[in-house]
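Undergrad: Here you go, one structure.
The values are calculated or read from the model by the stated rules, or taken from the named source; none is laboratory data. If you're wondering where the values come from, they're calculated on a predicted model, not measured in any experiment. Quick reminder, even Gly has a Cβ in these numbers, built from the backbone with ideal geometry, and neighbours come from all protein chains shown. Keep in mind that these areas ignore ligands, DNA and RNA; they rest on the heavy atoms of the full protein, side chains included. Shrake-Rupley method; radii C 1.70, N 1.55, O 1.52, S 1.80 Å.
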Amino acid sequence: MTERFDVIVVGGGPSGNAAAYTAAKAGLKVLQIERGESPGSKNVQGAILYSDALEKIIPDFRDDAPLERHLIEQRMWVLDDNSYVGSTYRSEAFNTPPYNRYTIIRAQFDRWFSKKVQDAGALVICETTVTDLHMDEQTVVGVQTDRLGGSIYADLVILADGVNSLLAKKAGFHPELRPKDVALAVKEIHFLPETTIESRFNLQPDEGVAIEMAGTITQGMVGTGFLYTNKESLTLGVGCLLSDLRTRGLSPHSLIENMKAHPAIRPLIDGGEMKEYSAHLIPEGGYNAIPTLLGNGWMMVGDAAMFVNSVHREGSNLAMTSGRLAAETAAELRAEGKAFTAANLARYRTKLDESFVMKDLKKYRDMPEVFEKNTHFFTQYPELINRAAHTMLLVDGVDKKSKEREIRKHFVAKRSRIGLLGDVVKLWRAFQ
Ligand SMILES: Cc1cc2nc3c(=O)[nH]c(=O)nc-3n(C[C@H](O)[C@H](O)[C@H](O)COP(=O)(O)OP(=O)(O)OC[C@H]3O[C@@H](n4cnc5c(N)ncnc54)[C@H](O)[C@@H]3O)c2cc1C
């Protein structure tokens, strides 16, 4: 290809599609390159779509986007091996349009988004892998692809190639990912009739539920699980830090098998036909692990840039927002006749700092370290909380004051008074 572009976007996930769409809509000449046979074919997500981020890019997305169910209920479960203590928030406010969160099937959603990118005027090529960046001294000037004669040149390259950004690593923009900064998650989709899902989860057509889980399902490792309702299927998954999985020699496959056998989860998926299994990395290093985000002729967005808020399980919205902000920066600079130098592209960093992306990541900057060093939050506390609930709810002739004393005794025996106080301080620090 001898044509020259204003912008090349590498990757056809949410961050790449948001960047390519926004840049093309602003009149830039855009090429997007995706290695999968179609956008989304290689992508894995739970998946909850957060409307706000997409609305800011395609305000009328609800007209034709492939959406499964809008979420009206969120459950949070803390599990031990046989039980769970849970909280539920269900609201008619979330059942009133415009809906705030939806479940989606990523392969369908990414294909829809890619069509919008093409309609906006970008050229999208699939089944093509970018193997290297072309540099002119310290400036990125284009990409090398695995196609014959595969050099393509542009004024700006946006790296939206996902968590394991090999290109950034190769170019020295990105250090090797540390196993403690990434989780390995596995996900399954189980198919059930629509009416079964609705009666099992107390839903009307199009309404959905999300269940987030923590506790012994991750067998003492830092991680969480989830179960979401789609139209005719349930998505469930579990993920743990790669460093923990390696140390323990456990496979994520064994975790999901264990999770499905839990007495609270088994009846929810009973009779379902499992049709999809996938595994993927999630960048969970947070604010302190964010790499350099830009340089002469390039910017990095989405998972490649470590933009995942693992506390709230948000990733695709940070990906879309960062993609949009990168493209808006490019469009503004072009309109002002300014070059894509690092000094000028620093505006992207300013936009990120002013957005929820950096503010939220900064808020939880200590969280990864707190959890990594205190795995008892994933072992002892779920057991203590479930045991406390059992003790209080069991009607056995023992008076309630004695039960409270017994619960306190268990907490102190497991964690000590100083330990309990320390845990409160650590959590307070992590959530600041
Ligand atoms: C199990 C799981 C559950 C999740 N659940 C949720 C959820 O419910 N809600 C949520 O918001 N987020 C969730 N996330 C996170 C979310 O999936 C990511 O944050 C989001 O997909 C990041 O988008 P991205 O475009 O940056 O990267 P990706 O979606 O990974 O896209 C990167 C794209 O780049 C392509 N690519 C890579 N290298 C090259 C190359 N060299 N040349 C060409 N193309 C290339 C890939 O094929 C891919 O299509 C979940 C993640 C996992 C793994």
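Undergrad: What pairs come up if the first residue lies in the range 368-396 and is over 30 Å from Arg178 (Cβ atoms) and of a type outside the set (Ser, Thr, Tyr), the second is open to solvent by 20 Å² or more (accessible area, probe 1.4 Å) and not in a helix (DSSP H, G or I), and their beta carbons are under 6 Å apart, counting only those six or more places apart or on different chains?
TA: Final answer for the pair search is Ile385/Val78; Ile385/Val85; Asn386/Asp80; Asn386/Ser83; Asn386/Val85; Ala389/Val85.
Undergrad: Might you let me know whether the range 302-309 holds any residue that is surrounded by fewer than 24 Cβ atoms within 10 Å (Cβ to Cβ) and in a loop (DSSP other than H, G, I, E, B)? Spell out the reasoning first.
TA: Residues of the range 302-309 that are surrounded by fewer than 24 Cβ atoms within 10 Å (Cβ to Cβ), as a first pass: 309.
Subsequent filtering for residues that are in a loop (DSSP other than H, G, I, E, B) retains none.
So far as the range 302-309 goes, no, none of its residues is surrounded by fewer than 24 Cβ atoms within 10 Å (Cβ to Cβ) and in a loop (DSSP other than H, G, I, E, B).
Undergrad: Quick one: would you say Pro291 is open to solvent by less than 30 Å² (accessible area, probe 1.4 Å), over 18 Å from Pro14 (Cα atoms), outside any helix (DSSP H, G or I) and away from the ligand (no atom under 12 Å from the Cβ)? Can you show your working first?
TA: Details: open to solvent by less than 30 Å² (accessible area, probe 1.4 Å): yes; over 18 Å from Pro14 (Cα atoms): yes; outside any helix (DSSP H, G or I): yes; away from the ligand (no atom under 12 Å from the Cβ): yes.
In short, yes.
Undergrad: Looking only at the range 92-124, filter to residues that are more than 24 Å from the chain's Cα centre (by Cα) and farther than 30 Å from Val9 by Cα; which one of those is most open to solvent (accessible area, probe 1.4 Å)?
TA: Here the residue is Glu92.
Undergrad: Hey, any hits in the range 345-361 for a residue that's more than 16 Å from the ligand (Cβ to nearest atom), under 30 Å from Phe226 (Cα atoms), open to solvent by 40 Å² or more (accessible area, probe 1.4 Å) and out of contact with any Ser or Thr (no Cβ under 8 Å at 6 or more places or on another chain)? Spell out how you get there, then give the answer.
TA: First, the residues of the range 345-361 that are more than 16 Å from the ligand (Cβ to nearest atom): 345-347, 349-351, 353-354, 359.
If we keep only those that are under 30 Å from Phe226 (Cα atoms) as well, we get 353, 359.
Subsequent filtering for residues that are open to solvent by 40 Å² or more (accessible area, probe 1.4 Å) retains 353, 359.
Now restrict to residues that are out of contact with any Ser or Thr (no Cβ under 8 Å at 6 or more places or on another chain): 353, 359.
Yes, that holds for at least one residue.
Undergrad: Which residue, of Ala326, Ala331, is within 25 Å of Phe113 (Cα to Cα), buried (at least 16 other Cβ atoms within 10 Å of the Cβ) and within 13 Å of the ligand (Cβ to nearest atom)?
TA: Working: Ala331 fails: within 13 Å of the ligand (Cβ to nearest atom).
Only one candidate passes the filter, namely Ala326.
Undergrad: Could you please let me know if Gly36 is open to solvent by 10 Å² or more (accessible area, probe 1.4 Å), within 9 Å of the ligand (Cβ to nearest atom) and at pLDDT below 95? Even if it seems obvious, please write down each step before you answer.
TA: Details: open to solvent by 10 Å² or more (accessible area, probe 1.4 Å): no; within 9 Å of the ligand (Cβ to nearest atom): yes; at pLDDT below 95: yes.
No: the conditions fail for Gly36.
Undergrad: May I pose another question? Would you confirm whether or not the range 93-107 contains a residue that is free of Cβ contacts under 8 Å to residues at least 40 places away in the same chain, within 30 Å of Lys29 (Cβ to Cβ) and within 16 Å of the ligand (Cβ to nearest atom)? Quick ask: steps written out before the conclusion?
TA: Kept after step one, since they are free of Cβ contacts under 8 Å to residues at least 40 places away in the same chain, are these residues of the range 93-107: 93-94, 96-97.
After this cut, where a residue has to be within 30 Å of Lys29 (Cβ to Cβ) as well, the list is none.
Checked against the condition, which is being free of Cβ contacts under 8 Å to residues at least 40 places away in the same chain, within 30 Å of Lys29 (Cβ to Cβ) and within 16 Å of the ligand (Cβ to nearest atom), the range 93-107 yields no hits at all.
Undergrad: Just checking, does the range 413-423 include any residue being touching a Lys or Arg at 6+ places or on another chain (Cβ under 7 Å), crowded, with 17+ Cβ neighbours inside 10 Å and farther than 30 Å from Met306 by Cβ? Write out each step before concluding.
TA: Start the filter on the range 413-423 by keeping residues that are touching a Lys or Arg at 6+ places or on another chain (Cβ under 7 Å), which leaves 423.
With crowded, with 17+ Cβ neighbours inside 10 Å added as a condition, the list becomes 423.
Okay, now just the ones that are also farther than 30 Å from Met306 by Cβ, so none.
Checking the range 413-423: not a single residue is touching a Lys or Arg at 6+ places or on another chain (Cβ under 7 Å), crowded, with 17+ Cβ neighbours inside 10 Å and farther than 30 Å from Met306 by Cβ.
Undergrad: Looking only at the range 365-404, which residues are more than 36 Å from the chain's Cα centre (by Cα) and surrounded by 11 or more Cβ atoms within 10 Å (Cβ to Cβ)?
TA: Kept after step one, since they are more than 36 Å from the chain's Cα centre (by Cα), are these residues of the range 365-404: 391-404.
Of everything in the range 365-404, those that are more than 36 Å from the chain's Cα centre (by Cα) and surrounded by 11 or more Cβ atoms within 10 Å (Cβ to Cβ) turn out to be Thr391, Met392, Val398, Lys403, Glu404.
Undergrad: So which residues in the range 255-288 are more than 18 Å from Ser233 (Cβ to Cβ) and either in a loop (DSSP other than H, G, I, E, B) or among the charged types (D, E, K, R) (or both)?
TA: Hits for the range 255-288 are Glu257, Ala261, His262, Pro263, Ala264, Glu284, Gly285, Gly286.
Undergrad: Residues of the range 213-226 being hydrophobic (A, V, I, L, M, F, W, C) and open to solvent by 10 Å² or more (accessible area, probe 1.4 Å), which ones?
TA: Those that are hydrophobic (A, V, I, L, M, F, W, C) and open to solvent by 10 Å² or more (accessible area, probe 1.4 Å): Ala214, Val222, Phe226.
Undergrad: Report, by residue number, each residue of the range 159-180 that is open to solvent by 20 Å² or more (accessible area, probe 1.4 Å) and outside any loop (DSSP other than H, G, I, E, B).
TA: Leu166, Lys169, Lys170, Pro179, Lys180
Undergrad: Would you mind listing the helices (runs of 4 or more DSSP H) fully within the range 369-432 where at least 2 residues are more than 21 Å from Gly86 (Cα to Cα)? Talk me through it step by step, then tell me what you get.
TA: Values: elements: 380-393, 400-415, 417-430.
Result: 400-415, 417-430.
Undergrad: Out of the range 136-154, which residues are more than 15 Å from the ligand (Cβ to nearest atom) and either loosely packed, with under 15 Cβ neighbours inside 10 Å or under 30 Å from the mean Cα position of the chain (by Cα) (or both)? Break it down into steps so the answer makes sense when it comes.
TA: Narrowing the range 136-154 to residues more than 15 Å from the ligand (Cβ to nearest atom): 136-139, 141, 148-149, 153.
Once the filter is applied, which keeps residues that are more than 15 Å from the ligand (Cβ to nearest atom) and either loosely packed, with under 15 Cβ neighbours inside 10 Å or under 30 Å from the mean Cα position of the chain (by Cα) (or both), the range 136-154 yields Asp136, Glu137, Gln138, Leu148, Gly149.
Undergrad: Here is a list: Thr196, Thr229, Thr235. Which entry is surrounded by fewer than 18 Cβ atoms within 10 Å (Cβ to Cβ) and farther than 27 Å from Asp366 by Cα?
TA: Numbers: Thr229 fails: surrounded by fewer than 18 Cβ atoms within 10 Å (Cβ to Cβ); Thr235 fails: surrounded by fewer than 18 Cβ atoms within 10 Å (Cβ to Cβ).
Of the residues listed, the single one that is surrounded by fewer than 18 Cβ atoms within 10 Å (Cβ to Cβ) and farther than 27 Å from Asp366 by Cα is Thr196.
Undergrad: If you take the residues in the range 248-266 that are over 15 Å from Met221 (Cβ atoms) and in contact (Cβ under 8 Å) with a residue 24 or more places away in the chain, which one is surrounded by the fewest Cβ atoms within 10 Å (Cβ to Cβ)? First the steps, then the outcome.
TA: Just the residues of the range 248-266 that are over 15 Å from Met221 (Cβ atoms), to begin with: 257, 260-266.
The next check asks that each one be in contact (Cβ under 8 Å) with a residue 24 or more places away in the chain; those that pass are 260, 262-265.
Numbers: Lys260: 20, His262: 22, Pro263: 11, Ala264: 14, Ile265: 22.
Result: Pro263.
Undergrad: Taking the range 1-28, which residues are within 14 Å of the ligand (Cβ to nearest atom) and assigned to a loop (DSSP other than H, G, I, E, B)?
TA: Correct list: Gly11, Gly12, Gly13.
Undergrad: With the requirement that a residue be in a loop (DSSP other than H, G, I, E, B) and over 16 Å from Leu241 (Cβ atoms), what does the range 202-220 give you?
TA: As a first pass, look at the range 202-220 and keep what is in a loop (DSSP other than H, G, I, E, B): 202-206, 219-220.
Passing the criteria: Asn202, Leu203, Gln204, Pro205, Asp206.
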